[in-house]
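To start, the structure itself, in structure tokens.
The values are calculated or read from the model by the stated rules, or taken from the named source; none is laboratory data. Since the structure is predicted, the reported quantities are computational estimates derived from the model, not experimental observations. So basically every Cβ, Gly included, is an ideal-geometry build from the backbone, and we count neighbours across all protein chains shown.
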Amino acid sequence: MGQDQAKGTPAAGQEVIPALSVGEAYLALLKKRGIEYFYVGAGTDTVSIVEAYARAGESGIDFPTPVLCTHENLAVGMAHGYYMISQKPQAVMLHVSVGAANAVCGIMNAARSQVPMLFTAGRTPLFQDGRRGSRNGEIHWAQEMLDQGGMVRELVKWDYELRDGCNMEQVLDRAIGISMAEPRGPVYLMLPREILAQEIDGFRPSKPIAIPAPPHPDVLAVRELARRFAAARHPVIVSTASGSDPSTVDLLVNLAERFGIGVAEAKSRHVNFPSSHALHLGHDMDAVFAKADALLFLETDVPWIPGKTRPREEAFVSHAGTDPLFNRYAMRSFRSDLTLTANARALIEALHAALEEEGAARTAAARRAELEASAAAVRQAAQAAMQRVLAKDGPITKLFLTHCLDQVRPQDAILVNEYSAIRPQMTFDVAGTYFGNPSAAGLGWGLPAALGAQQAAPDKTVICVVGDGAYIFANPAACHHAAAAHKLPVLTVVFNNARWEAVYRSTLTVYPDTHTARYAEEHASRTGPLSSLEPVPDFEKYAEASGGWSERVTRRDELIPALRRALDVVTRERRHALLNVIGA
């Protein structure tokens, strides 16, 4: 926004937005650039934003819908969840340095998940006095940092401080463009209070800058990949996150069926391939690697854990993605015979064309028969394992909860899972209906993301499955307040076993048959040191405090009826609900 835009005569037909401050112009431009929701943790730095929304009835300016968030993790998580469903980046504004610091965990989750986000925070006023917006409170000295952007610089693609309103449009367009360029990710923009308060006489927006086209694979590399797959007896594509773009699922199905290619999912965080498809080889990499002679790891950050398993030496191994080396990971080294930079959709389409040229469809039938037999064996083993669980009495386990969820969940419902649902035991055939915790595993992501997903898909049923520790980290009072305030009828299912199981299990893997293993028995506890959450709060009361429905479940025979009652509440009453499932 140049100063000449605020004065002078606009060009014929050019829109003039009647903004009186840079803050108003900023909000108007967000809306023009497709930002539908503005997730805000307000503070003394948002005064111009507050005034803009207060004047909106008089000004008639179209702004993004404001979403007040009473915790920073909630704001960032909701923006993350909204993007998962809509594929549209959203904007967050938090309170200066302290608000940004409280959101770092959520920003790391977004960065590792390649979620574009306009992450902004106010900046302590620049001047002690003499300007509208200058310092007028004791906090305005202590909250200033020498390098506020430094705290998140490693996690964002770009950071910048707006220094004058005259180039606000240029700065915002650059921020959005960098965030949406692949590999996508959050950017950080700091907004000083005096700059947002600058007075202007109208705002004339320009055309937006085009987002860079997604990267396409090298032609020769794709031909080599196609040649290797066409010559293989047991070719397999393994994916963790290609389904973050739901349009890739049908393309991958067509590719697999046409050319006889198996598909497996490694710690999948999305629906990458329909679970019940005859060519779905499951989630166990040991079983996949035992037979695979050609492998493509597509958008897979950790294809295998070297100390546990690895592909056969004679197998051809390739990796592909928008950032196939995951260059922001400090250490990551996996064998690769061919590495391609491309977005998943472009790669699948290019590989399809190259396999046609190789004539791979002519030999697909034999490959399909062998792969389908392997997939059938995987499904039978999973079903047998589940039957053994169902045949036992006793407390509710994660496997039993997973089974019950799979029985009652509508097939088009969106499930957001932070640890407690066991993905290989669930059937997801609809693209965009499953989202697992980010690879960074910053706890407290699940419930905020589910709320954002519900906002993006108001007509869908959204179920959030979390562990007790993940639920506590989500700041449940803030989340249920948001569910009530913004009318987001999410069903939260808490698997409550009164412990941080990951801490306990990880200790046992490093120190088997030692003091930790004996600790539980010696101390009449179900876990070891630093992993017990007892006494566990009455989680039901968090939901009830904000007008939600809740119920505690302690027995197996109670679980499916309780899930059905909860689903009825969220679908018919449109009220948020919580099930506190007491488990082992």
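Across region 50-94, the number of residues qualifying as among the hydrophobic types (A, V, I, L, M, F, W, C) and closer than 21 Å to Asn475 by Cβ comes to 13.
Of the helices (runs of 4 or more DSSP H) entirely within region 198-316, those holding at least 1 residues that are among the charged types (D, E, K, R) and surrounded by 18 or more Cβ atoms within 10 Å (Cβ to Cβ) occupy 219-231. Of the residues making up region 241-260, those that are in contact with a strand residue (DSSP E or B) (Cβ under 7 Å, 6 or more places away or on another chain) and touching a residue at least 60 places away in the same chain (Cβ under 8 Å) number 2. Looking at (1) farther than 18 Å from Val553 by Cβ; (2) assigned by TED's automatic domain parsing to the domain that holds Tyr471; (3) more than 24 Å from the chain's Cα centre (by Cα), which one does Glu372 not meet, given that it meets all the others? All conditions are met except number (2). Scanning region 304-323 for residues that are over 17 Å from Lys267 (Cβ atoms) and basic (Lys, Arg) turns up just one, Arg312. Kindly indicate whether any position in region 478-500 is touching a Phe, Trp or Tyr at 6+ places or on another chain (Cβ under 9 Å), surrounded by 22 or more Cβ atoms within 10 Å (Cβ to Cβ) and either in a helix (DSSP H, G or I) or at pLDDT below 90 (or both). Yes, region 478-500 contains a residue that is touching a Phe, Trp or Tyr at 6+ places or on another chain (Cβ under 9 Å), surrounded by 22 or more Cβ atoms within 10 Å (Cβ to Cβ) and either in a helix (DSSP H, G or I) or at pLDDT below 90 (or both).
Residues that are closer than 17 Å to Ile211 by Cβ and without any contact (Cβ under 8 Å) to a residue 60 or more places away in the chain were ranked within region 155-169; the one that is nearest to the chain's Cα centre (by Cα) is Lys157. Residues in region 506-540 that are charged (D, E, K, R) and loosely packed, with under 14 Cβ neighbours inside 10 Å were compared, and the one that is nearest to Ala453 (Cα to Cα) is Asp538.
None of Arg132, Arg193, Arg123 is within 25 Å of Glu51 (Cβ to Cβ), among the charged types (D, E, K, R), surrounded by fewer than 23 Cβ atoms within 10 Å (Cβ to Cβ) and not assigned by TED's automatic domain parsing to the domain that holds Ala315 except Arg132.
If you check Ala485, Ala498 for being over 18 Å from Pro395 (Cα atoms) and of a type outside the set (Val, Ile, Thr), only one passes: Ala485. Considering region 64-92 alone, what residues qualify as being in a helix (DSSP H, G or I) and either of a type in the set (Phe, Trp, Tyr) or closer than 14 Å to Gly122 by Cβ (or both)? Passing the criteria: Glu72, Ala75, Tyr82, Tyr83.
In region 551-576, the residue that is surrounded by the most Cβ atoms within 10 Å (Cβ to Cβ) out of those that are farther than 20 Å from Lys398 by Cα and in contact with a helix residue (DSSP H, G or I) (Cβ under 8 Å, 6 or more places away or on another chain) is His576. Checked against (1) within 13 Å of Val238 (Cα to Cα); (2) in contact (Cβ under 8 Å) with a residue 24 or more places away in the chain, Thr309 meets all criteria but (1).
State yes or no: is Gly432 within 29 Å of Ser532 (Cβ to Cβ) and of a type outside the set (S, T, N, Q)? So Gly432 fails the test. Among the residues of region 50-78, just one is farther than 21 Å from Gly444 by Cβ and buried (at least 24 other Cβ atoms within 10 Å of the Cβ), namely Ala52. Confirm whether Ala28 is without any contact (Cβ under 8 Å) to a residue 40 or more places away in the chain and either surrounded by fewer than 21 Cβ atoms within 10 Å (Cβ to Cβ) or closer than 23 Å to Met78 by Cα (or both). So Ala28 does not fit the description; no. In this structure, Ala344 does satisfy being modelled with pLDDT of 95 or more and within 28 Å of the chain's Cα centre (by Cα).
Within region 136-147, the set of residues being closer than 24 Å to Glu24 by Cα and crowded, with 17+ Cβ neighbours inside 10 Å comprises His140 only. The single condition from (1) within 24 Å of Ile472 (Cα to Cα); (2) out of contact with any Asp or Glu (no Cβ under 8 Å at 6 or more places or on another chain); (3) at pLDDT below 85 that Val581 fails is (3). The set of residues in region 93-114 being closer than 12 Å to Leu74 by Cβ and either assigned to a loop (DSSP other than H, G, I, E, B) or more than 15 Å from the chain's Cα centre (by Cα) (or both) consists of Leu94, Gly99, Asn102, Ala103.
Anything in region 391-417 that is under 23 Å from the mean Cα position of the chain (by Cα) and not hydrophobic (A, V, I, L, M, F, W, C)? List them, or say none. Once the filter is applied, which keeps residues that are under 23 Å from the mean Cα position of the chain (by Cα) and not hydrophobic (A, V, I, L, M, F, W, C), region 391-417 yields Lys398, Thr402, Asp406, Arg409, Pro410, Gln411, Asp412, Asn417. Set side by side, the residues Asp323, Asp337 differ, and just one is acidic (Asp, Glu), in contact (Cβ under 8 Å) with a residue 12 or more places away in the chain, surrounded by fewer than 21 Cβ atoms within 10 Å (Cβ to Cβ) and under 14 Å from Pro183 (Cβ atoms), which is Asp323. If I filter region 46-65 for residues that are under 24 Å from the mean Cα position of the chain (by Cα) and at pLDDT 95 or above, do I get at least one hit? Yes, that holds for at least one residue.
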